[in-house]
Amino acid sequence: MRDYIDVTGKNEDEAISKALAQLGLDRDDVSVEVLERAKSGFLGLGACPAKIRMYYGPEEEAPAATPAPAPAPAPKPEPAQEEPRPRAAAPEKKERPERKERPPREKKERPAEPCREEAEPFQPAPLGEEADDEKAAAVKAFLTGLLEHMGSAAQVKVYLPEKGRYKVILEGQGLGALIGRRGETLDAIQQITSYAVNRDGGPRVRIHLDAENYRAKREQSLQHLARKVAGKVVRYRRSVTLEPMNAYERHVIHTALQDFEGVTTYSTGTDPNRRVVVAFDRGERH
């Protein structure tokens, strides 16, 4: 049996993410068994978290069967003793010519195997000082009121990394509920905030909302996944279909592999089950 851990979460994805974080492994390195599915209950009553069991480590090989001992052979009858014959004189040993030593062969060094690519530790980009203009104040006021109605004490910080694009960071404890499953709640809050800030007219600005560096970490994780899958596609010359993703995440995959030799990418299906296919490019020679 492989080693395993049991982890609970608000839903299956959150439980899987927690387990992967505890083990420090990728999703491809483990297998998951859902023990209990999450139940939302009615009006928050009777809700039950999801519980999963994550297996990791090498699979143990079954011990080889020990062959049964062969039966002992029956004793052979002893032959009748004969009188000893006179031994013939041993032939004289011929001297062997000396062997010439061969020159030592040159050892050919094998080319070093390429190192496997590993995900780099996440490092958030510096954002500088907080923005202090009319739009930034409007973003902060709207989000603060919205979060109060949602029962969240998260702090709102607004930055202006480039003109016309505001980077909004939510800081605090227990922000998982604001992120939601695969960032769906975060996307909804971002869309509402953008509409509220831009409805009064004036130059339109873009709002980029993040919490606990979820979007940046997700983007880095998707880029690593894309390169890892592309390597397998080139090696085995088989197409691989990824899990369903939203438009932004699909864009990250396409961009990460646009210059990767030997593969091509395209999307298939309809939202919310639209997926990216990483296909082997048969026009490339390897």
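The values are calculated or read from the model by the stated rules, or taken from the named source; none is laboratory data. Note that the coordinates shown come from a computational prediction; the quantities given were computed from them, not determined experimentally. No Cβ is skipped: glycine too gets one built from the backbone with ideal geometry, and neighbour counts run over all protein chains shown.
Are any residues in the range 209-233 among the hydroxyl-bearing types (S, T, Y) and touching a residue at least 60 places away in the same chain (Cβ under 8 Å), and if so, which ones? S221, the sole residue that qualifies. Looking across the range 201-211 at every residue that is surrounded by fewer than 18 Cβ atoms within 10 Å (Cβ to Cβ) and within 17 Å of V158 (Cβ to Cβ), the one that is farthest from the chain's Cα centre (by Cα) is identified as G202. Say whether the condition of being at pLDDT below 80 and under 21 Å from E184 (Cβ atoms) is met by at least one residue in the range 51-74. No, every residue in the range 51-74 fails to be at pLDDT below 80 and under 21 Å from E184 (Cβ atoms). Look at P244 and say whether it is part of a loop (DSSP other than H, G, I, E, B), at pLDDT below 90 and closer than 24 Å to Q220 by Cβ. No, not satisfied. The sole residue among V252, V234, V276 that is more than 26 Å from K135 (Cβ to Cβ) and in contact with a Ser or Thr (Cβ under 8 Å, 6 or more places away or on another chain) is V276. Against the list (1) at positive phi; (2) assigned to a helix (DSSP H, G or I), the condition G202 fails is (2).
Part of a loop (DSSP other than H, G, I, E, B), surrounded by fewer than 18 Cβ atoms within 10 Å (Cβ to Cβ) and among the charged types (D, E, K, R): which single residue out of R227, R238 fits that description?
Sole residue among the options that is part of a loop (DSSP other than H, G, I, E, B), surrounded by fewer than 18 Cβ atoms within 10 Å (Cβ to Cβ) and among the charged types (D, E, K, R): R238.
Evaluated against (1) within 16 Å of L225 (Cβ to Cβ); (2) in contact with a helix residue (DSSP H, G or I) (Cβ under 9 Å, 6 or more places away or on another chain), Q258 falls short on exactly one condition, (2).
Okay, residues lined up against (1) β-branched (V, I, T); (2) closer than 21 Å to Q220 by Cβ:
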position: E130; (1), (2): no, no
position: D133; (1), (2): no, no
position: A136; (1), (2): no, no
position: L143; (1), (2): no, no
position: V156; (1), (2): yes, no
position: P161; (1), (2): no, yes
position: Y166; (1), (2): no, no
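Can you confirm whether the range 138-152 contains a residue that is under 29 Å from P244 (Cβ atoms), modelled with pLDDT of 90 or more, surrounded by 13 or more Cβ atoms within 10 Å (Cβ to Cβ) and in contact with a Pro (Cβ under 6 Å, 6 or more places away or on another chain)? No, every residue in the range 138-152 fails to be under 29 Å from P244 (Cβ atoms), modelled with pLDDT of 90 or more, surrounded by 13 or more Cβ atoms within 10 Å (Cβ to Cβ) and in contact with a Pro (Cβ under 6 Å, 6 or more places away or on another chain).
Under the condition of being among the small types (G, A, S) and surrounded by fewer than 15 Cβ atoms within 10 Å (Cβ to Cβ), which residue from the range 241-278 is farthest from the chain's Cα centre (by Cα)?
G269
Picking from residues in the range 1-26 that are free of Cβ contacts under 8 Å to residues at least 24 places away in the same chain and not small (G, A, S), the one that is farthest from I52 (Cα to Cα) is Q22.
Only one of the numbered conditions (1) in a helix (DSSP H, G or I); (2) touching a Lys or Arg at 6+ places or on another chain (Cβ under 7 Å); (3) within 19 Å of E14 (Cα to Cα) is not met by V197, and that is (3).
The single condition among (1) crowded, with 16+ Cβ neighbours inside 10 Å; (2) assigned to a loop (DSSP other than H, G, I, E, B) that G174 does not satisfy is (1).
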